[in-house]
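The values are calculated or read from the model by the stated rules, or taken from the named source; none is laboratory data. All figures in this text were calculated on a predicted structure; none of them were measured in a lab. When we count neighbours, we look across all protein chains shown, and the Cβ atoms used for this are built from the backbone with ideal geometry, even at glycine. Just so you know, the surface numbers come from the protein's heavy atoms only, side chains and all, with ligands and any DNA or RNA stripped out. Shrake-Rupley method; radii C 1.70, N 1.55, O 1.52, S 1.80 Å.
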Amino acid sequence: MTGKETSRDPAPVFAASEGAPVRYAELERRARVWDRLVMIAAAVVLAVPLPFVRFESWPAGRLILERPVLPWSSFRICYRTLPKGEPVEEWYRFDWKGRMTPSMDGPLPLLAVSGADVPLLRWQSQPDIPLDALFEAGEFLKVETGWQPAILWPLRTLWSGWKNQDFPSQKGGAG
């Protein structure tokens, strides 16, 4: 056996452009630098503020829906008028700054959800969300738009879901 065959030094994987071999240590250093750059880029992307819209019941404050807003985002409120029961569809869109058009006047953007039947909320082309809890309680639909970092959206949604969840009382026993 020759000394080359029993050597513990790894063989070069790639040849550099100058003809010198590139060692594993150099590849590992490049991989660590790349990992750092990717982590920094991901943190920057998640910290970028985006416009969001929140639909809540008012005055109870139950979260109905929260979505990021893009310039082509829209939602519709569908209901039947009293007393004739004619269907009405109110369509709202958003501009490049995350504001609703047509804008609602007043201190709070509230939508009355009254009519002959349960009103429906439709975000974009997703399935309708029946607003039956608001309709039965006689509450308003509060629509808020605001800017927040993208990372806060799932955290805020989890927090609101946990805060507004009605847990059954624990009375003990297995049955």
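How much accessible area per residue does segment 51-160 have, counting only protein heavy atoms and a probe of 1.4 Å, in square angstrom?
Spelled out: the 1.4 Å probe surface of segment 51-160, per residue, equals 59 Å².
Report, by chain and number, residues whose modeled amide H sits under 5 Å from the one on I64, excluding near sequence neighbours (fewer than 5 apart, same chain).
Sorted by chain and number, the residues that satisfy this are F55, E56, S57.
Of the peptides 30-36, 57-63, 118-124, how do they stack up when ordered by the mean number of other Cβ atoms within 10 Å, highest first?
Top to bottom by mean Cβ count within 10 Å: 118-124, 57-63, 30-36.
Which value results for Rg/Rh of segment 38-96 when Rg is the Cα radius of gyration and Rh the Kirkwood radius based on the inverse mean 1/r?
Rg/Rh: 1.19.
Under 1.5 on a/c is rounded, so check that first for segment 51-160, then, if it is not, pick prolate when a/b is larger than b/c and oblate when it is not; a ≥ b ≥ c are the square roots of the alpha carbon gyration tensor eigenvalues.
It is prolate, given that a/c is not under 1.5 and a/b is the larger ratio.
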